[in-house]
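To start, the structure itself, in structure tokens.
The values are calculated or read from the model by the stated rules, or taken from the named source; none is laboratory data. None of these values were measured; they are calculated from a predicted model. Every residue, glycine among them, receives a Cβ derived from its backbone with ideal geometry; neighbour counts consider all protein chains shown.
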Amino acid sequence: MNTEVQKEQSMVIQKKMLGEHYEKLARARKDGKKVVYTFVPGNLNELILAFDMLPVHPEVNALQSGMRKLSGDYIQEAEKLGHSEDVCTYVKCDIGMLKKGNLGPTGEPLPEPDLLLLSYTGCFTFMKWFELLKQEYNCPMVMLQVPYQGDGRITPSMREYTARQLREVLVPVLEQVSGKKLDEARLAELLASSARAEDDLVYVWESGKHRPSPIDGYFGGVYYIGPIFTAFRGVPGCEAYYRALRQEVDFRIAHGMGPTTPEGELRQQKYRVVVEGPPNWTSFREFWKIFYDEGVVMVASTYTKVGGLYDKGFRHDPQDPFNTLAEYCLGCYTNRNLPARVDLIEQYIRDYDADGFLFNSIKSCNSFSAGQLMMLRELEKRTGKAGAFIESDLVDPRYFSAANIKNRLESYFQMLEAKRLAA
Amino acid sequence: MDYCYIGIDLGSTTTKAVFLDEQERVLGRGITNSRSNYELACQVAREEAEINARFGLLRKKLEASPRIGALAEPLMAVLSCNYALAQHLEQLKALRAECHGLAAAHGFEAGETGRINQALGRIFDALDQQAQADFFPGSAAASDFFRDLATSHYLKQAEQVTRELPVSFDRLVGLFDAAIIRVENHSFAGLYRQYLEFATGRASADERFAPFAAEIGAAVTDTAERRFNVLNTVGTGYGRLTLPFAREQIRSEILCHGLGAHYMFPQTRTVLDIGGQDTKAIQVDEHGIVTGFQMNDRCAAGCGRYLGYIADEMNIGVHELGPLALQSTKPVKINSTCTVFAGAELRELMSLGQKREDILAGLHRAIILRAMSLLARSGGVQPEFTFTGGVARNQAVTRALEDLVFENYGRMKINISADSIFTGAVGGALFAKRDPKGVMADLEIKKLNTCGGAPAGQPAPCAA
């Protein structure tokens, strides 16, 4: 086994981008920059950047704490304060981190927020989370009411309702907190850059249709969404990252290569699988290894679309900033109703020629998990492919039972093999 | 030379082995509940299965004999139960020695050691006597584990003895708990012939069989020497990864249970397996290939070990739970299948005056309620429905399952094989036989032998 972790060039670029961002955050007070805490789904990064403010994403902090094996302690810290075992572990991880000095990945404390911006409210836990943070920081909070796609589509009135809130509620608050007027030309410029990066990202996602797939659309995919789902969408560095990523993928396609795993290239691709649900972060490598050891490549996933379903045609539109941002918030993956989610996964299974699909049901995340078994049954019926179902958690290490998950997954892969032999 | 395929199911509480012949007929089954060492458990289960296979061959030989023919059935019953009795007595002897040894090593003050030894002497004398009564042709005792039988008898005798002698009951239980684990880790394989002689001697002393003593002796000797040439082995169950099996010789127990259930009941479409630490609901197609499954997540509430814990709490053997629960007339509603809470809930209900049998009936129903949810999640119960795993031996569980399947899915026959505990091992042996890669390579045989006890580099006989 190769002990040195294998990385793609794009990962190195991303690491540098993140490092610079955290440095900026560490200097924010000194530089007189205002800081906005906000969530990944439906994030209004271009708008925040148009006011020259810096975003912090508590979910990202939580998942990074999970990957760095810190989340267990943070969660226990939050539980000591009285948060129950059943509360979303992202929330508890964030609260625990705050109580332990709010140290970011660089070891420097993260700046306190000047504004809590709730731009996607389809997850009710997000609202409660920021209410808890508001008590801690005593800073203003602004929220956008985002209607749920109960009928599986975005109506003109939903768009108008959301866009009006952006213009009439959000922008005035952002202007007040930042002390700046909205620079519309700057906003259009950022949105145009976003759209260019989005084009490249879609190219990368769709490369999963190749055989062998040059990407892992889930484990690798969570790295690919890093810049565009967070603080970088709209800036030239983000465009450059996706251009480099696209070139990397093109190189692998040209050479018939598979994606890079921590133990090197995945050469033997026995099974192609579509995944629904977030990954487990505390045992991310261990979890990934179960798949690549068995030659399983994840060709597409829904989790990597929580910050935008670009592969289904959405692009940020510089010509129509408020409507495009409204549509972006409304189009979050978890804002889609269950039939629309089933339709999407079904398309992925067919378009990416998958052998099967996997649901990772997350104990902490009802936004994702409620209704998943019904979705699974429906997909089995529609596609005739076998679905796997496992249970874990986002960042609570107590809810990752390696033996149980491995057992279920190995059974599933052997089931795919038996089916293939019988066919 | 008889060729065979072996499936080994290394469960969390028991290890099972099954030998199949080239026509996929079961030659022999073996089981052990040694749990602290998988390698040894694997070896013991294989030895047991091999002995069982030899008994099968012996039966055929006796049935085919023109002189014995019609007497083969009662004769085999006498041989089997006396073989089991000899085995049981030998294990009791080892247990007695371990208990005395542990008492001596503990360093109690002299007077107490003397009293403990006296108490142990009385207990084990009674256990030896009890064994003669427990093992008779057709008795259930022969299929129970040594641990279960010994535990329930020992506890009863210890209670009795502590009323007569000034010895602490807890001391005696402590010695037993430590000793039984040691005994379970002994291998008694070398005593195979001795047991067989004992059984043959007893059979020959029986006036029905005495006239054929010479022929019986010859048949026993002939089959006792039979060797099996193992063509392939597949391991399954929780311990499968701890053994030096090659990757292609390992199958998930979900697939093995599906195929094993199909083998036992070919019309099976839904399988429920309740094992020591997990419960699985499995859907299979007409070939026994798994099409979907659900199993409990990281919480193993309501699995076989839960029953073991309850039995410990009640100071009875796990095999006594079912019969007791079946006596219930008014089951108590139990909410929790959490093993940790169960003890407290049990004591609370007892203190409220609830009868043991009513509490047990409630506990058994709670186990099945949890299984019903997994079944529903896996796609429901389709006919035919087969129940497998060690817990399927418990009649109170099967009664609760019948009731709840009826309530939720209508009247349905539930297949339960008397050998259901071997389902996973049967599936493993079938995979061994049907392995598309064919017979194992030499290298893999070597690996296997290191687990089976034979020296590496030699062919793979299951030498007794």
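Of the residues making up the stretch B:206-219, those that are closer than 15 Å to B:PRO137 by Cα and assigned to a helix (DSSP H, G or I) number 0. State all residues of the stretch B:378-404 that are within 14 Å of chain A (Cβ to nearest Cβ) and crowded, with 18+ Cβ neighbours inside 10 Å; if no residue qualifies, say none. Within the stretch B:378-404, B:SER378, B:GLY379 meet the criteria. Candidates are the residues of the stretch B:179-219 that are touching a Ser or Thr at 6+ places or on another chain (Cβ under 9 Å) and charged (D, E, K, R); the one that is farthest from B:GLN87 (Cα to Cα) is B:GLU215.
The sole residue among A:PHE322, A:PHE314, A:PHE359, A:PHE389 that is outside any loop (DSSP other than H, G, I, E, B), of a type outside the set (A, V, I, L, M) and more than 14 Å from chain B (Cβ to nearest Cβ) is A:PHE322. Residues satisfying the criterion are absent from the stretch B:218-231 (criterion: in contact with a Lys or Arg (Cβ under 9 Å, 6 or more places away or on another chain) and within 14 Å of chain A (Cβ to nearest Cβ)).
Within the stretch A:75-103, the residues that satisfy the criterion of being charged (D, E, K, R) and surrounded by fewer than 19 Cβ atoms within 10 Å (Cβ to Cβ) are A:GLU77, A:GLU79, A:LYS80, A:GLU85, A:ASP86, A:LYS99, A:LYS100.
Looking at A:LEU373, A:LEU394, which is the one that is within 10 Å of chain B (Cβ to nearest Cβ) and either under 24 Å from A:TRP129 (Cα atoms) or among the hydrophobic types (A, V, I, L, M, F, W, C) (or both)?
Only one candidate qualifies: A:LEU373.
Provide a single number: the residues in the stretch A:104-126 that are surrounded by 15 or more Cβ atoms within 10 Å (Cβ to Cβ) and at pLDDT 90 or above. Result for the stretch A:104-126: 11.
Scanning the stretch B:168-184 for residues that are closer than 13 Å to B:ALA119 by Cβ and in contact with a Cys (Cβ under 8 Å, 6 or more places away or on another chain) gives B:LEU175, B:PHE176.
For the stretch A:220-310, please list each of the helices (runs of 4 or more DSSP H) lying entirely inside it that holds at least 1 residues being among the charged types (D, E, K, R). Quick ask: steps written out before the conclusion?
Details: elements: A:221-224, A:226-229, A:236-254, A:284-292.
Because the criterion is at least 1 residues that are among the charged types (D, E, K, R), the helices (runs of 4 or more DSSP H) in the stretch A:220-310 that meet it are A:236-254, A:284-292.
From A:PRO55, A:PRO41, grab the single residue that is closer than 29 Å to A:GLU184 by Cβ and touching a Cys at 6+ places or on another chain (Cβ under 7 Å). If you could, list the steps in order and put the result at the bottom.
Numbers: A:PRO55 fails: touching a Cys at 6+ places or on another chain (Cβ under 7 Å).
After applying the criteria, what remains is A:PRO41.
Looking only at residues of the stretch B:377-416 that are of a type in the set (A, V, I, L, M) and assigned to a loop (DSSP other than H, G, I, E, B), we find that the one that is nearest to the chain's Cα centre (by Cα) is B:ILE416.
Comparison of B:PRO166, B:PRO137 shows that the only residue that is in contact (Cβ under 8 Å) with a residue 40 or more places away in the chain, within 30 Å of B:THR221 (Cα to Cα), not β-branched (Val, Ile, Thr) and not in a helix (DSSP H, G or I) is B:PRO137. Of all the numbered requirements in (1) touching a residue at least 40 places away in the same chain (Cβ under 8 Å); (2) small (Gly, Ala, Ser); (3) closer than 27 Å to B:TYR154 by Cβ, B:GLY380 misses one, and that requirement is (3).
Give the residue, chosen from A:ASN337, A:ASN360, A:ASN366, that is in contact with a strand residue (DSSP E or B) (Cβ under 6 Å, 6 or more places away or on another chain) and more than 26 Å from A:ARG420 (Cβ to Cβ). A:ASN337 is the lone residue from the list that is in contact with a strand residue (DSSP E or B) (Cβ under 6 Å, 6 or more places away or on another chain) and more than 26 Å from A:ARG420 (Cβ to Cβ).
Filtering the stretch B:210-227 for residues that are touching a Pro at 6+ places or on another chain (Cβ under 9 Å) and under 30 Å from B:PHE19 (Cβ atoms) leaves a non-empty set. I'd like the full set of residues that are modelled with pLDDT under 80 and part of a loop (DSSP other than H, G, I, E, B), limited to the stretch B:238-262. Hits for the stretch B:238-262 are B:LEU243, B:PRO244, B:PHE245, B:ALA246.
From the residues in the stretch A:220-241 that are of a type in the set (Phe, Trp, Tyr) and surrounded by fewer than 24 Cβ atoms within 10 Å (Cβ to Cβ), which one is nearest to A:ARG350 (Cα to Cα)? Give the steps one after another, and end with the answer.
First pass over the stretch A:220-241, keeping only residues of a type in the set (Phe, Trp, Tyr): A:223-224, A:229, A:232, A:241.
Adding the requirement that they be surrounded by fewer than 24 Cβ atoms within 10 Å (Cβ to Cβ) leaves A:223, A:229.
Values: A:TYR223: 24, A:PHE229: 26 Å.
Result: A:TYR223.
A Cβ distance below 8 Å, combined with a sequence gap of six or more or placement on separate chains, defines the contacts here; from the stretch A:397-423, residues that are more than 7 Å from chain B (Cβ to nearest Cβ) and surrounded by fewer than 18 Cβ atoms within 10 Å (Cβ to Cβ) reach residues that are in a helix (DSSP H, G or I) and among the charged types (D, E, K, R) in the pairs A:ALA402/A:GLU286.
Say we look at the stretch B:237-257 and pick out the residues that are farther than 18 Å from B:ALA281 by Cβ and in contact with a Phe, Trp or Tyr (Cβ under 8 Å, 6 or more places away or on another chain); which of these is nearest to the other protein chains (Cβ to nearest Cβ)? Restricting to residues being farther than 18 Å from B:ALA281 by Cβ and in contact with a Phe, Trp or Tyr (Cβ under 8 Å, 6 or more places away or on another chain), the top hit is B:ARG251. Looking only at the stretch A:353-389, how many residues end up being touching a residue at least 40 places away in the same chain (Cβ under 8 Å), over 12 Å from A:GLY277 (Cβ atoms) and either in contact with a Cys (Cβ under 6 Å, 6 or more places away or on another chain) or hydrophobic (A, V, I, L, M, F, W, C) (or both)? Result for the stretch A:353-389: 1.
Give the residue that is farthest from A:SER213 (Cα to Cα), with candidates limited to residues of the stretch A:285-314 that are β-branched (Val, Ile, Thr) and either without any contact (Cβ under 8 Å) to a residue 60 or more places away in the chain or in contact with a Ser or Thr (Cβ under 6 Å, 6 or more places away or on another chain) (or both). Within the stretch A:285-314, the match that is farthest from A:SER213 (Cα to Cα) is A:THR302.
Would you please name the residue that is farthest from B:LEU374 (Cα to Cα), looking only at residues in the stretch B:289-319 that are within 11 Å of chain A (Cβ to nearest Cβ) and in contact (Cβ under 8 Å) with a residue 40 or more places away in the chain? Quick ask: steps written out before the conclusion?
Step one: filter the stretch B:289-319 for residues within 11 Å of chain A (Cβ to nearest Cβ), giving B:289-300.
If we keep only those that are in contact (Cβ under 8 Å) with a residue 40 or more places away in the chain too, we end up with B:292-296.
Details: B:GLY292: 12, B:PHE293: 9, B:GLN294: 6, B:MET295: 7, B:ASN296: 7 Å.
Looking at the filtered set, the residue picked out is B:GLY292.
Might you let me know whether the stretch B:263-277 holds any residue that is within 14 Å of chain A (Cβ to nearest Cβ) and modelled with pLDDT of 90 or more?
Yes, the conditions are met somewhere in the stretch B:263-277.
In the stretch A:122-144, of all residues being in contact with a helix residue (DSSP H, G or I) (Cβ under 8 Å, 6 or more places away or on another chain) and assigned to a loop (DSSP other than H, G, I, E, B), the one that is nearest to A:ALA28 (Cα to Cα) corresponds to A:PRO140. Filter the stretch A:71-124 for residues that are in contact with a Pro (Cβ under 6 Å, 6 or more places away or on another chain) and among the hydroxyl-bearing types (Ser, Thr, Tyr) and give the result. Passing the criteria: only A:TYR120.
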